[in-house]
Amino acid sequence: MTRLIIDCDPGHDDAMAILYAARHLNLIALTTVFGNTSLQNATRNALAICALAGLDVPVAAGMSEPLVAARSTAADIHGHSGLDGATLPEPTRAPDPRHAVQLIIDEARAHPGELTLAPIGPLTNIAVALKTEPRLAHWLKGITWMGGSTTVGNITAMAEFNAYCDPEAAAVVFASGVPIHMAGLNVTRQAGIGPEHLAQLAATGGPVGRCFAGLLGFYLARTREIFGLTHASMHDPCALLPLIRPDLITHQPAPVHIELASAQLRGMTACDLRRVNAESARTVHPNARANAQVAVAIDGPAAVDHVIRTLLGYDERAAQPAGC
Ligand code: BDR
Ligand code: CA
């Protein structure tokens, strides 16, 4: 089973992704990064989510600031705590004493060729890890990232939030040579959470269902208010689909350029989907070598259904008599 570290900034959809991955993959650790909220909140939220779902994995805190630019947050969408909308249990464990970057390097060194990273926030921890230990690029099996877009952005006209938060870090990761899958807004916005999903979660009567009904109720209300959408995008779990349900998502190899220079386009992921792959074309377009598998299509309703069913499973198992 895939050995996985999720690098996250919980975040409502991050919390969904953590519980989704934990049921289907060998989730060995969580690492946290600034993004939707401060590093301190993100780390506490990750520990609280683990307490809620009974997940016993190390949680290590990482970078609190981007490599170069000033820090952004998404308090408008996720609230001031990063996970507004429900009262989470108190964390039952302390963070791992290691820095997230050290934990990632240690795990990759110990299991070369076996570790996949699923960053679902800004790419700062991953970039610092690659710069700190250049052999990491050879040790990793792959990276599957929620971020970017082949079309429009959400934080600016052309930039998606995770890319915009630290474009220099994204540029390091996309230049690393590690096999990358990218799930951008062009697919994640087709995976919509609506009132029908909140009702399903609330109906379990169990702690995970009740908590996520509250969390996603807040997230949906904010999405409606800010973007005028009837459904809230289930962004982060989409990064896990290539590992769990590859039948639900389609990728195309493409050169991805991270825009750093233009003030208007900073953080844009310019995906060259023209299929300029032939050697002859590369002499004309020297940057045409694909550096990622970019998601271009998704069965959004089926993806949401699979994730919600997985969340419902936590309460079903908890309701079973001991020994079942
Ligand atoms: C991304 O930004 C965050 O707000 C979400 O958690 C997701 O990772 C979507 O743009
Ligand atoms: Ca996130």
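The values are calculated or read from the model by the stated rules, or taken from the named source; none is laboratory data. Quantities reported herein were computed from a predicted structural model and do not represent experimental measurements. Virtual Cβ from ideal backbone geometry, glycine too; neighbours counted across all protein chains shown. Please note that ligands, DNA and RNA were not included when accessible areas were found on the heavy atoms of the full protein model with its side chains. Shrake-Rupley method; radii C 1.70, N 1.55, O 1.52, S 1.80 Å.
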Checklist outcome for this item: Rounded to whole angstrom, the alpha-carbon centroid of region 29-45 lies from that of region 122-146 at a distance of 18
Item to check | Folded to 0 to 90 degrees: helix 39-53 orientation relative to the chain principal axis, Cα | outcome: 50
Checklist entry - Residues of region 228-269 with amide nitrogen under 13 Å from the 7 Å Cα-to-Cβ point of ASP305? => result 248
Item to check | Fully extended contour minus Cα-Cα distance, from VAL296 to VAL68, at 0.36 nm per residue | outcome: 79.1 nm
Checklist outcome for this item: Expressed in nanometres to one decimal, the distance between label points 7 Å along Cα→Cβ at ASP56 and ASP247 is 3.4
Checklist entry - Between ARG210 and ARG274, 0.36 nm times their residue separation minus their Cα-Cα distance comes to what? => result 18.5 nm
Item to check | For q = 0.14, 0.15, 0.21, 0.25 Å⁻¹, Debye-computed log10 I/I(0) when each Cα of region 192-246 counts as one equal scatterer | outcome: -0.42, -0.48, -0.82, -0.95
Checklist entry - Using a 1.4 Å probe, how large is the accessible area of GLU225, given in Å² and rounded to the nearest 10? => result 140
Item to check | Amide H contacts of HIS111 (H built 1.01 Å from N, under 5 Å, at least 5 apart or other chain) | outcome: none
Checklist outcome for this item: Sorted by chain and then number, the residues having a modelled amide H within less than 5 Å of the amide H of ASN26, at least 5 places away or on another chain, are THR2, LEU4
Checklist entry - How big is D for region 153-196, in µm² s⁻¹ as a whole number, if Stokes-Einstein is applied with the Kirkwood radius of its Cα pairs at 25 °C and 0.890 mPa s? => result 202
Item to check | ALA221 paired with ARG93, simple spin-label distance in nm, labels 7 Å along Cα-to-beta-carbon | outcome: 3.3
Checklist entry - Counting Lys +1, Arg +1, Asp -1, Glu -1, what net charge surrounds ASP236 among other residues with beta carbon under 9 Å of its beta carbon? => result -2
Next on the checklist: Output wanted: per-residue J couplings in Hz (rounded whole) for region 17-24, from phi through Karplus 6.51 cos²θ - 1.76 cosθ + 1.60, θ = phi - 60°, x for Gly and Pro.
Outcome noted: 4, 4, 5, 5, 5, 5, 8, 10
Checklist entry - Ranked from highest to lowest mean number of other Cβ atoms within 10 Å per residue, what is the order of the peptides 250-256, 4-10, 93-99? => result 4-10, 250-256, 93-99
Item to check | Under-5 Å amide H pairs with HIS251, H placed in peptide plane, nonlocal only | outcome: VAL296
Item to check | Calculated FRET value between ARG135 and HIS24, using beta carbons and R₀ = 25 Å, to 0.05 | outcome: 0.30
Item to check | Share of pairwise Cα separations in region 3-317, more than 28 Å, in percent | outcome: 33
Item to check | Burial order of peptide ranges 28-34, 16-22 (average beta-carbon count within 10 Å, highest first) | outcome: 28-34, 16-22
